[in-house]
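Read the structure below first, then the notes.
Values quoted throughout were computed directly from the atomic coordinates according to the rules given, and no laboratory measurement underlies them. None of the values given here were measured: they were computed from a predicted structure. Because the Cβ atoms are built from the backbone with ideal geometry, glycine has one as well, and the counts that use them run over all protein chains shown.
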Amino acid sequence: MRIHLLDPFLANKIAAGEVVERPSSVAKELIENSIDAQAGQIDIVVERGGTTLLKVRDNGYGIHQEDLALALQSHTTSKIDNMDDLGRLASFGFRGEALPSISAVSRLTISSRTLKASSGWKIVAEGENVEQVQPVSHPLGTTVEVRDLFFNVPVRKKFLRKEQTEFAHIEEVVRRLALGNFNVGFSLRHNDRDVLQLSPVKSMCDQETRLTAICGTEFMENAVTINASTHDMKLWGWVALPVFSRSQPDVQYFYINDRMIRDKLLTHAVNQAYSDVLYRDRYPALVLYLEINPAIVDVNVHPSKMEVRFRDGNAVYGFVLKSVKDALAHTLIKPNFSHLESREDFGQSRAIGDVRSFTASYASPGAQGSHVMGNVTKKDFNFESKEEAKTLSYDIEIPPLGFALAQLHGTYILSENKDGLIVVDIHAAHERITYEKLKQAYTAGKIETQFLLLPFTITLNMQESAVFDARIDLFQKIGLDASRIAPELIVIKQIPVLLSTVNVEQLVHDILTDLIAVNSSDLVEKAINKILLAMSCHHSIRANRKLTIVEMNALLREMEQTERAGQCGHGRPTWIKLTRDDLAKLFLRGK
C-alpha cells in the first residue's frame with residue numbers, strides 16, 4: 001500500500017483509543033475543560049456507569065457560536081497559540097484531541113452560551129455526522145452530553161467492565177479533580193441518586209471538610225500537614241501517619257500545579273520517606289500539592305496528561321523526600337521542661353528534672369546496651385517513699401506521653417496524660433530510640449570502608465553501562481570503589497564495612513535498575529539501615545525486664561525527643577492512646 005493521508009474520521013477514532021479508554025476518561029477531559037473555562041460549579045450526571053449518558057454542565061465563560069463547529073475538529077484549542085506557550089502550560093487541556101475523539105465514538109451534544117450572547121447555541125455530532133449549529137435556551141456556561149459511548153466501536157465496548165466498576169472510576173476522577181480545585185463546587189449523580197455534593201471552598205475549615213468528605217474522617221484524624229518551600233518549589237498538603245496505612249495505594253493524590261498526576265519519581269520519594277516507619281506490604285495515604293515553575297516541568301508527555309517530566313528530577317526528588325520525611329519525623333510535640341529546673345519542692349518534679357540531665361547518655365548501645373539506664377545507677381533516682389513515686393503532680397505541665405503508672409506483664413508501660421491512658425510497647429519504643437541514635441551516629445561519621453582481598457568483576461548490559469558512567473559519583477559517595485575495565489565490565493575493589501555480608505553484585509544491578517527507572521536509588525541506605533535496625537533490636541530492652549517508675553518515665557521522655565517515635569523500625573506502633581471518651585464508652589458511662 002502506498003503512503004496516503006488518513007481520513008479525518010478514522011484518525012479521530014485512532015486518537016480516541018489513546019484519549020477515550022473508558023467513560024471515566026471522557027469525564028476527566030470534560031471536567032478539565034470546565035475548570036479551564038473558570039467554572040465555579042460543575043454538575044456531573046451519569047447513567048449506567050457512563051455508557052448510556054455522561055453529562056457535564058458548568059457555569060464557565062462558554063463557547064462562542066462560531067467556535068462550536070471548530071471545537072469538534074482535530075487540534076483546535078483556545079489554550080495555546082505558539083511554541084512559547086508550550087513552555088509555560090497552565091491549563092489542563094491544550095492538545096485539541098478530546099472533543100473530536102469523543103465525538104468519533106459517541107453521540108455528542110454541546111450546548112453553550114457566553115456572557116454577551118442573547119441565546120445559547122448547540123451542536124450535535126454522531127460519529128462522523130455533524131449537524132449545523134442551532135439556537136437553544138441555555139444559561140451561562142456549557143453542557144456536554146455524551147450518549148451511547150462506543151456505539152459504533154463494539155469491540156471497544158466489550159472491554160468495558162460492569163456498570164458499578166465503570167462508575168467507580170468516574171467517581172474517583174471527580175474526587176481527584178475536586179481535591180485539586182478547592183474553589184470549584186462539584187455535584188455527582190448516578191442513576192438519579194446523589195453521590196457527591198461539594199460546595200466551593202472559602203476557608204481552611206471548608207478545605208478540611210472537603211478533604212474529610214473525599215478521604216474520610218479517619219484520614220483527617222491521622223494526618224499531619226506539610227508546608228515546605230525552596231526558591232522555585234513549594235510542597236504542601238497532608239500525609240497520614242503510618243498507623244493509617246492502606247493495603248492498596250488508593251488514597252494517594254499527587255498534584256503538580258493543580259494538575260492530578262501519577263509520577264514514578266514522586267511515588268518513589270514518598271515511599272522512601274515512609275521506608276522505616278511503615279509496616280511491610282502497606283501503602284501510605286496522602287494528599288500532596290507541588291507548586292513548581294511551569295517552565296521546568298513538561299506535562300506534554302502523554303495524551304492523558306497524567307505523566308510529567310522534570311527538567312531536574314533529582315532536585316524535585318530530594319525536596320519531596322526531605323519534606324515528607326521531616327513531617328513524619330516530628331509527630332510528637334516535644335515537652336518543655338524549662339520551668340522544672342527551679343522546682344525542688346517534691347519528689348516527682350525532682351525526678352523529672354533528673355531525667356532531663358541523663359537523656360543524652362541514655363541507652364547508649366554497646367556492651368551494656370541491654371540496660372536502660374546506661375551509665376546512670378538506680379540509686380541516683382530513689383524516691384523518698386513509694387507514695388511519692390506514684391504521685392502525679394498536676395500543677396506542672398503534663399508531657400504528651402504523660403507519667404508512668406505501672407508496667408504490665410513486663411512488656412507495656414501504662415502512663416497517664418491529660419487526655420487519658422497511654423500504653424507503650426517497651427521493646428518497640430526502645431528499638432526506635434536506639435535505631436535513630438545509630439543512624440545519627442552513622443550519618444555523622446565518614447562511611448567506613450574496606451578493601452577487598454580479591455576484587456571481583458560485574459558484567460553490565462549497555463543501558464546499565466551508560467547509567468554507571470553518568471552516576472559513578474553516586475557509587476563513590478556510598479563507599480563502593482567501582483571502575484570500568486571494559487565496555488560492559490566493571491571491577492569492585494572496595495565496599496562499606498556494613499555491607500560485607502551483602503550480595504554486592506546484586507546490589508549494584510538493583511541500584512542501576514533504580515537509576516534507570518527514577519534516576520535515584522536508596523538501596524544502599526536501605527541495606528545499611530537494615531543492619532542498623534538489627535543492631536538496635538539486639539540492644540533494646542527485652543520483654544519481662546522489670547523497670548522502675550523513673551526508668552519508665554525516662555523512656556517516655558526519650559520517646560518524646562526521638563524522631564519517628566510512633567513506630568518501631570519494622571513499622572509496628574510503639575504506643576496507643578485511650579482517651580477519657582474511649583474509656584467512658586468501654587464502661588458505658590453516661591448510658
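Straightening the chain between residue 530 and residue 148 buys 132.0 nm, computed as 0.36 nm per residue apart minus the Cα-Cα spacing. Normalised by the number of residues in segment 216-329, the average gap of Cα pairs under 8 Å and 6 or more apart makes the relative contact order 31 percent.
Sequentially through segment 496-505, phi angles give Karplus couplings (6.51, -1.76, 1.60; θ = phi - 60°) of x, 4, 5, 9, 5, 9, 8, 6, 5, 4 Hz, Gly and Pro residues having no value and appearing as x.
Across segment 236-253, rounded Karplus estimates of 3J(HN,Hα) from the backbone phi angles (6.51 cos²θ - 1.76 cosθ + 1.60, θ = phi - 60°) give 9, x, 9, 10, 7, 4, x, 5, 9, 9, 10, 7, 9, x, 8, 10, 10, 10 Hz, Gly and Pro being marked x.
Put a dot 7 Å past the Cα of residue 538, heading toward its Cβ, do the same for residue 484, and the two dots end up 4.0 nm apart. Its relative contact order, with pairs defined as Cα atoms under 8 Å and 6+ residues apart, puts segment 8-198 at 28 percent. Sorting 287-294, 191-198 by their mean Cβ neighbour count within 10 Å, with the most densely packed peptide first, gives 287-294, 191-198. Tally the DSSP beta bridges in segment 216-329 and give the antiparallel ones as a percent, rounded to 5. About 80 percent, rounded to the nearest 5.
Segment 182-251 to segment 110-174: how many Å between their Cα centroids? What the calculation gives is 28 Å, centre to centre.
Considering only the other residues whose Cβ falls under 13 Å of the Cβ of residue 279, what net charge follows from Lys and Arg at +1 and Asp and Glu at -1? If you can, show how the numbers build up before the last one.
On the way: positive: 246, 280, 282, 572; negative: 276, 281.
Charge balance in the 13 Å sphere: +2.
Which residues in segment 240-278 have a backbone N closer than 17 Å to a point placed 7 Å from the Cα of residue 168 along the Cα-to-Cβ line? Counting only backbone N, you get 246-252.
Calculated FRET efficiency, residue 312 to residue 10, Cβ-Cβ distance, R0 = 51 Å: about 0.80 to the nearest 0.05.
Please tell me which of these pairs span more than 30 angstrom C-alpha to C-alpha: 264/439; 116/202; 264/477; 122/264; 13/162; 325/493?
Details: 264/439 27 Å; 116/202 28 Å; 264/477 24 Å; 122/264 41 Å; 13/162 23 Å; 325/493 33 Å.
Violating the 30 Å Cα-Cα cut-off are 122/264; 325/493.
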